[in-house]
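Q: The structure is given below, and queries will be raised subsequently.
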Amino acid sequence: VLFHTNEFSLITDPVFSKGGAGPLSLGPSPFQYEDDYSVDDLPKIDYVFISHDHYDHLDKNTIKELSSSLFYVPLGVDSHLIEWGIEEKNIFVFDWYEEANVSEDLFVAFAPSRHFSGRGIGDHSATLWGSWIFEFYNYSIYFSGDTGYTDEFKKITEKYGPFDLAFLDSGQYNVAWEQVHMMPEQVVQAAIDLNASVSIPIHISKYELSLHHWYEPMELVSTLGAEQNVTIATPMLGSTFIFGQEVPQDTWWRGVSVCTNPFLDDYPLLEYALIYTNFVGILWVVIPRFKSRGNSTEEE
């Protein structure tokens, strides 16, 4: 998400590489667009904010292209940037609920989200993840990063809300991943919890990472929002709008004629294998916890 003002420009989780969202570009490739964008198309970026270090949010090539910017990152993510040549003095590291006055015009805070991190086999949750709050020109803006639904939204609202604008993780969801990505009805509930005047679905239509069609999050979130009198804005990908003057709500995705089925729709056996793998992974985490609790009880 790009914020451009008269005094500064900031961007969140910039990914402009054309390769896949994974090691050695073997992950899902970006969708093909009529208009491609690059870092060269951006205004001068003063501040870069990272929510977590997954490949579809932290892109090495893009970070290097933005090396003259200042970077605001969760605990541990600074190690990636330093390895990629970003000067340590230009990196600012945040724990949950840490705050900073970046300039006279910009206040920021880092808040929890319900997700995880990691870029390899051995670094699962080795770095922190979270969401960002921005306050400037009497506006309060919430950027969720990746997150499952959480009661923490209400605490964040008590501390920093209500919000004029909320960018909410709305895509790449699945029942098996509900803990780390919100389902459409949960996105609308999050908008209510955050007391957001306007909410925008994000984490959509860049990579195919889940089982739903690329347009489904926008269709469902906007429809469910209308049913609950929650204002959902749906700007077309790559477009801009002036906040406070307009709320873009065109159903532009309905006019896109070239569309493919999700990859896993054509390979159902792989879909079931992934669900089975998630189930085994959950057991892998839960069973040792029950065992450790049992051992603690016996010791007592």
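The values are calculated or read from the model by the stated rules, or taken from the named source; none is laboratory data. On a predicted model such as this, the values are computed, not experimentally measured, just so you know. Backbone-built Cβ (ideal geometry, glycine too); neighbour counts: all protein chains shown. These area figures cover heavy atoms from the full protein model, side chains too; ligands, DNA and RNA do not enter into them. Shrake-Rupley method; radii C 1.70, N 1.55, O 1.52, S 1.80 Å.
Q: Could you identify the single residue in LEU58, LEU42 that is in contact (Cβ under 8 Å) with a residue 40 or more places away in the chain, touching an Asp or Glu at 6+ places or on another chain (Cβ under 8 Å) and surrounded by 15 or more Cβ atoms within 10 Å (Cβ to Cβ)?
A: On the way: LEU42 fails: touching an Asp or Glu at 6+ places or on another chain (Cβ under 8 Å).
It is LEU58.
Q: Here's a follow-up. Could you name every one of the helices (runs of 4 or more DSSP H) located completely within the range 151-242 that has at least 3 residues being more than 18 Å from the chain's Cα centre (by Cα) and of a type in the set (Lys, Arg)?
A: Details: elements: 152-160, 184-193, 216-227.
Fully inside the range 151-242 and qualifying: 152-160.
Q: Let me ask something additional. Just one of SER29, SER17, SER51 is under 17 Å from ILE204 (Cα atoms) and crowded, with 21+ Cβ neighbours inside 10 Å; which is it? Quick ask: steps written out before the conclusion?
A: On the way: SER29 fails: crowded, with 21+ Cβ neighbours inside 10 Å; SER17 fails: crowded, with 21+ Cβ neighbours inside 10 Å.
Just one listed residue meets the conditions, SER51.
Q: Follow-up question, since we're still on this one. Filter the range 100-120 down to residues that are within 15 Å of TYR47 (Cβ to Cβ) and without any contact (Cβ under 8 Å) to a residue 60 or more places away in the chain, then give me how many there are.
A: Of the residues in that region, 8 qualify.
Q: Condition first: in contact with a strand residue (DSSP E or B) (Cβ under 7 Å, 6 or more places away or on another chain), assigned to a loop (DSSP other than H, G, I, E, B) and among the hydroxyl-bearing types (Ser, Thr, Tyr). Now tell me which residues in the range 112-133 satisfy that.
A: Hits for the range 112-133 are SER113, THR127.
Q: Continuing with the same structure: Here are some residues: HIS124, HIS115. Which one is open to solvent by 10 Å² or more (accessible area, probe 1.4 Å) and at pLDDT below 95? First the steps, then the outcome.
A: Working: HIS115 fails: at pLDDT below 95.
Only one candidate passes the filter, namely HIS124.
Q: In the set ILE82, ILE91, which member is over 17 Å from the mean Cα position of the chain (by Cα), closer than 24 Å to ALA111 by Cβ and modelled with pLDDT of 95 or more? Spell out how you get there, then give the answer.
A: On the way: ILE82 fails: closer than 24 Å to ALA111 by Cβ.
Exactly one residue qualifies, and that residue is ILE91.
Q: Could you say whether any residue in the range 98-107 is buried (at least 18 other Cβ atoms within 10 Å of the Cβ), out of contact with any helix residue (DSSP H, G or I) (no Cβ under 7 Å at 6 or more places or on another chain) and not in a loop (DSSP other than H, G, I, E, B)?
A: As a first pass, look at the range 98-107 and keep what is buried (at least 18 other Cβ atoms within 10 Å of the Cβ): 102, 106.
Now narrow it down to the ones that are out of contact with any helix residue (DSSP H, G or I) (no Cβ under 7 Å at 6 or more places or on another chain): 102, 106.
Going one step further and asking which of them are not in a loop (DSSP other than H, G, I, E, B), we end up with none.
Looking for residues that are buried (at least 18 other Cβ atoms within 10 Å of the Cβ), out of contact with any helix residue (DSSP H, G or I) (no Cβ under 7 Å at 6 or more places or on another chain) and not in a loop (DSSP other than H, G, I, E, B), one finds none in the range 98-107, hence no.
Q: Of the residues VAL285, VAL230, VAL187, only one is at pLDDT below 80 and β-branched (Val, Ile, Thr); which? First the steps, then the outcome.
A: Working: VAL230 fails: at pLDDT below 80; VAL187 fails: at pLDDT below 80.
Answer to the check: VAL285.
Q: Something else now. What's the total number of residues in the range 187-209 that are crowded, with 22+ Cβ neighbours inside 10 Å and among the polar types (S, T, N, Q)?
A: Final tally of qualifying residues: 1.
Q: To continue, here is another question. Looking at the range 61-82 only, could you name the residues that are open to solvent by 30 Å² or more (accessible area, probe 1.4 Å), of a type in the set (Ser, Thr, Tyr) and outside any loop (DSSP other than H, G, I, E, B)?
A: If the condition is that a residue be open to solvent by 30 Å² or more (accessible area, probe 1.4 Å), of a type in the set (Ser, Thr, Tyr) and outside any loop (DSSP other than H, G, I, E, B), then SER79 is the only one that fits.
Q: Do we find a residue being among the aliphatic types (A, V, I, L, M) and more than 18 Å from TYR142 (Cβ to Cβ) anywhere in the range 103-121?
A: Restricting attention to the range 103-121, the residues satisfying the condition of being among the aliphatic types (A, V, I, L, M) are 106, 108-109, 111, 121.
Narrowing further to those that are more than 18 Å from TYR142 (Cβ to Cβ): 121.
Yes, the conditions are met somewhere in the range 103-121.
Q: Tally up the residues in the range 138-150 that are within 23 Å of GLY244 (Cβ to Cβ) and either in a loop (DSSP other than H, G, I, E, B) or in contact (Cβ under 8 Å) with a residue 60 or more places away in the chain (or both), please.
A: Step one: of the range 138-150, the residues within 23 Å of GLY244 (Cβ to Cβ) are 138-144.
From what's left, either in a loop (DSSP other than H, G, I, E, B) or in contact (Cβ under 8 Å) with a residue 60 or more places away in the chain (or both): 138-139, 141, 143-144.
Residues meeting the conditions: 5.
Q: What is the number of the single condition among (1) of a type outside the set (S, T, N, Q); (2) surrounded by 14 or more Cβ atoms within 10 Å (Cβ to Cβ); (3) within 19 Å of the chain's Cα centre (by Cα) that PHE8 does not meet?
A: (3)
Q: Right, next: Among the residues of the range 129-172, write down those that are among the acidic types (Asp, Glu) and open to solvent by 20 Å² or more (accessible area, probe 1.4 Å). Quick ask: steps written out before the conclusion?
A: So in the range 129-172, the residues among the acidic types (Asp, Glu) come out as 135, 146, 151-152, 158, 164, 169.
Of everything in the range 129-172, those that are among the acidic types (Asp, Glu) and open to solvent by 20 Å² or more (accessible area, probe 1.4 Å) turn out to be GLU135, ASP151, GLU152, GLU158, ASP164.
Q: Do the conditions hold for ASP35, that is, is it open to solvent by less than 20 Å² (accessible area, probe 1.4 Å), assigned to a loop (DSSP other than H, G, I, E, B) and out of contact with any Asp or Glu (no Cβ under 8 Å at 6 or more places or on another chain)?
A: Details: open to solvent by less than 20 Å² (accessible area, probe 1.4 Å): no; assigned to a loop (DSSP other than H, G, I, E, B): yes; out of contact with any Asp or Glu (no Cβ under 8 Å at 6 or more places or on another chain): yes.
No, not satisfied.
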